[in-house]
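Working notes, structure below.
The values are calculated or read from the model by the stated rules, or taken from the named source; none is laboratory data. Please read these numbers as outputs of a predicted model, since none were measured by experiment. No Cβ is skipped: glycine too gets one built from the backbone with ideal geometry, and neighbour counts run over all protein chains shown. SASA here: full protein model, heavy atoms, side chains in, ligands and nucleic acids out. Shrake-Rupley method; radii C 1.70, N 1.55, O 1.52, S 1.80 Å.
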Amino acid sequence: MKSSTLVISVGGSIVVPNGEIATDFLKAFKKTLVSHAKKGWKFVIVVGGGGTARSYQSAAKDVGPVTRDDLDWLGIHSTRLNGHLMRTVFRDVAHPVMYKDPTRVPKRFKERVLVAAGWKPGWSTDYVATRIAKRLGAGMVLNLSNVDYLYTADPRKDKTATPICEIGWKDFRKMVGDTWDPGMNVPFDPVASRLAHNAGIQAVLLNGTNLENLSNVLDGKSFVGTVIG
Ligand code: UTP
């Protein structure tokens with residue numbers, strides 16, 4: 001059986017939407033990945049911090065004073081907690097180690113799933129996912145959030161915002177800029193975008209709560225989402 005590895009950056013916002021863990025999402029996500037693992041896929045799942053990261057960061061800011069690195073570290077620990085949850089949920093098919101350092105992720109592993117989380121201050125788990133994709137020689141990072149597309153503007157604030165199906169890294173990077181802010185909420189982080197652009201890695205943005213759509217990507221069918229790169 002042919003085996004292809006896909007790196008998936010799972011936005012914490014779909015694992016911990018508002019401080020509550022989305023157990024229905026975890027059940028359906030596991031079912032989807034396990035069924036595709038039987039068809040030959042392997043998955044590296046990199047988890048974000050979601051509501052956990054945001055609430056710890058805002059509590060620390062309120063009490064203060066805190067540095068940018070302090071805020072990033074609170075985010076990193078949140079991603080690691082979510083990473084441990086993910087590895088536990090996938091325990092029967094996952095590599096036993098939850099990786100905190102993308103440079104140590106094994107280039108080959110026998111399990112169907114490997115889980116990683118935040119590494120160091122200065123970027124998000126999108127960057128960790130891109131580092132792992134580069135290390136494994138994967139040409140793509142799948143980025144799951146709770147929106148269907150990249151839009152020309154924030155659709156919650158701007159009624160004229162339209163979806164973008166395909167965009168090059170140069171134009172995308174003009175939209176998100178080049179600098180990192182702890183807890184930043186962008187479709188794909190600027191530091192990860194720079195690495196992906198330089199390494200020739202594509203990012204595919206999807207709404208992760210639509211698991212049928214994720215299956216379409218894995219089956220090579222047409223899907224709803226945005227391809228960057
Ligand atoms: P993410 O920003 O990756 O989580 O990490 P998220 O919840 O998926 O974010 P969305 O949903 O894509 O917006 C949470 C925070 O952890 C810190 C950053 O502050 C980041 O905003 N972090 C994470 C790091 O500093 N370094 C890392 O390697 C990972």
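With all protein chains kept in place, the per residue accessible area of segment 168-229 amounts to 45 square angstrom at a probe of 1.4 angstrom. Taking all Cα pairs closer than 8 Å and separated by 6 or more residues, the relative contact order of segment 49-115 comes to 29 percent. Converting phi to 3J(HN,Hα) with the Karplus coefficients 6.51, -1.76 and 1.60 and the offset θ = phi - 60°, segment 58-66 yields 6, 5, 5, 5, 4, 7, x, x, 10 Hz in sequence order, with x at every glycine or proline. A Förster distance of 35 Å, applied to the separation of the beta-carbon atoms of ALA161 and VAL63, puts the FRET efficiency at 0.45.
Which of the trypsin sites (Lys or Arg not before Pro) across segment 1-86 are loop residues per DSSP, with 15 or fewer other Cβ within 10 Å? It would help to have the intermediate numbers written out before the result.
Values: sites: LYS2, LYS27, LYS30, LYS31, LYS38, LYS39, LYS42, ARG54, LYS61, ARG68, ARG80; in loops: LYS2, LYS38, LYS39.
Loop-located and lightly packed - LYS2, LYS38, LYS39.
Exceedance of the 28 Å cut-off in Cα-Cα distance is limited, within the set LYS159/LYS221; LYS31/LYS174; LYS107/LYS174; LYS42/LYS221; LYS110/LYS170; LYS120/LYS157, to LYS159/LYS221; LYS31/LYS174; LYS107/LYS174; LYS110/LYS170; LYS120/LYS157.
The amide H of LEU6, built 1.01 Å from its N in the peptide plane, has LYS42, PHE43, VAL44 as neighbours under 5 Å, considering only residues 5 or more places off or on other chains.
Global size of segment 1-81: 16.0, 55 Å for Rg and Dmax (C-alpha atoms, Rg to one decimal, Dmax whole). Rounded to the nearest 500, the helix-only mean residue ellipticity at 222 nm of the chain stands at -12500 deg cm²/dmol, with each DSSP H run of n ≥ 4 adding -39,500 (n - 2.57). The calculated FRET efficiency for the pair ALA153 and ASN18, based on their C-beta separation and a Förster distance of 25 Å, comes to about 0.55.
For trypsin sites (Lys or Arg not before Pro), the sites in segment 149-229 that DSSP calls loop and that have at most 13 other Cβ atoms within 10 Å are ARG156, LYS157, LYS159, LYS221.
Take every pair of alpha-carbon atoms less than 8 Å apart whose residues are at least six positions apart; their mean separation over the length of the chain yields a relative contact order of 22 percent.
Over segment 115-184, Cα pairs under 8 Å with separation of 6+ residues give a relative contact order of 25 percent.
Under a 5 Å amide H cut-off, with hydrogens placed 1.01 Å from N, ASN143 pairs with SER9, VAL204, LEU205, LEU206 among residues at least 5 apart or on other chains. Dipole size of segment 74-229 about its Cα centre, with +1 on Lys/Arg Cβ and -1 on Asp/Glu Cβ: approximately 660 debye, rounded to the nearest 20. Remark: C-alpha extents of the chain on the principal axes read 53, 38, 34 Å, sorted largest to smallest.
Reported to the nearest whole Å, the Cα centre-to-centre distance from segment 109-152 to segment 1-64 is 10.
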